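One structure is given here, and the rest of the page talks about it.
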Amino acid sequence: MTLNCEFTKDVAELYYEDMLSPETRQAVKAHLRTCPNCQRHYQQYENFRHCPLPIRNFFPNEKEESDIEKRLYQKISRKLRRRRFWNIAGTSAAIGAGGVMFIIGIFLSNHKNSL
């Protein structure tokens, strides 16, 4: 599994909270070994996590924290669904255009032979 920078940055919090599947965690580690931009992003995130007042202290109860985690998961899911949709749409458009070009090529070659 290869990851792009956008996805790797989106899952930074899940990575540090150890909430990723083992396969995704390994893919993030592999991406971080080769991408200096993501390495910087993760280093900044790591520095932020060790602030004197951790973010967790701002949540008065577990329900609010759970709601925030749920919204984060939904946001990531929406981004992935959108990306998947556009990948499929682009592939379909390319296949359709190739099919049209193929049909036009056949038509032109048959038309040329009939003259």
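The values are calculated or read from the model by the stated rules, or taken from the named source; none is laboratory data. Keep in mind it's a predicted model, so treat the numbers as computed, not measured. We place every Cβ from the backbone using ideal geometry, glycine too, and count neighbours over all the protein chains shown.
Specify which of the listed residues (Leu32, Leu20, Leu108, Leu80) is modelled with pLDDT of 80 or more, surrounded by 10 or more Cβ atoms within 10 Å (Cβ to Cβ) and touching a Leu at 6+ places or on another chain (Cβ under 8 Å).
One residue alone meets the criteria, Leu20.
Select from the stretch 65-77 the residues that are over 13 Å from Phe7 (Cβ atoms) and not aromatic (Phe, Trp, Tyr) and list them in ascending order.
Once the filter is applied, which keeps residues that are over 13 Å from Phe7 (Cβ atoms) and not aromatic (Phe, Trp, Tyr), the stretch 65-77 yields Glu65, Ser66, Asp67, Ile68, Glu69, Lys70, Arg71, Leu72, Gln74.
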